[in-house]
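Taken together, the values in this text are just the output of simple stated rules run on the coordinates, not laboratory data. None of the values given here were measured: they were computed from a predicted structure. Every residue, glycine as well, gets a Cβ built from its backbone with ideal geometry; the counts of neighbours run over all protein chains shown.
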Amino acid sequence: MHGNTPGPSVETAWRAMAGFTVEPVATFPLAADRRGVHDLWLAHARRSGVIADDGTFLVTAVALRSADTGWIRARLTDTADVSRLVDDQQRIEFIARSASGDRICGITAEEYDYWVITLPLPPAPPQ
């Protein structure tokens, strides 16, 4: 177990997102309306299987300081908006993980755009 849930750790997910060969599945201009980032992420998170049928997923974000606490369980609601998960530079930075731990879909800021990144994660090592 890493943090508060079984599966790959928050650290593993952030390392995967920062990989040199990682390419976005979609981009969104930094200067555009942030609500569009939520909609774009949501479409890719659903398509990649990160969000369960009941709307739940696991999340880590700089804004939540969850690197120390591990994955935080979240559920989509009508008022949910991941574009509120900003870092100290007011840029959206977060990773959502499937409950099974095999997929992530996150947002990171790169130069002029937000990148939507979806990746498979390797299984966590046995304890």
Worksheet item: Hey, how much of the P(r) for the chain falls beyond 20 Å, as a percent of Cα pairs?
Response: 37
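GluC sites (Glu not before Pro), restricted to region 70-127: which are DSSP loop and have at most 10 other Cβ atoms within 10 Å?
Working: sites: E93, E110, E111; in loops: E93, E111.
For GluC sites (Glu not before Pro) across region 70-127 that sit outside H, G, I, E and B with at most 10 neighbouring Cβ atoms in 10 Å, the list reads E111.
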Practice prompt. Would you mind checking the tilt of helix 35-47 against the longest principal axis of the Cα atoms of the chain, expressed as 0 to 90 degrees and rounded to 10?
Written response: 40
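Please return the longest stretch of the chain lacking exposed loop sites, where chymotrypsin sites (Phe, Trp or Tyr not before Pro) count only if DSSP places them in a loop and at most 11 other Cβ atoms lie within 10 Å. Write down the numbers at each step before the final one.
Working: sites that count: F20, Y112.
With chymotrypsin sites (Phe, Trp or Tyr not before Pro) excluded where exposed in loops, the chain gives 21-111 as its longest stretch.
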Worksheet, complete the sentence: Expressed in angstrom and rounded, the centroid-to-centroid distance over alpha carbons for region 79-116 and region 1-63 is 5
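So what's the back-of-envelope 222 nm ellipticity for the chain, counting only DSSP H runs of four-plus at -39500 (n - 2.57) apiece and dividing by all residues, rounded to 500? Intermediate values should be presented prior to the final figure.
Numbers: 2 runs with 21 residues, N = 127.
Value at 222 nm, helices only, nearest 500: -5000 deg cm²/dmol.
Just how large is the dipole of the chain about the Cα centre, in debye to the nearest 20, putting +1 at every Lys and Arg Cβ and -1 at every Asp and Glu Cβ?
Details: 12 positive and 16 negative charges, 61 e Å.
The calculation lands at about 300 debye.
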Worksheet item: In percent, how large is the relative contact order of the chain, given Cα pairs closer than 8 Å and 6 or more residues apart?
Response: 34
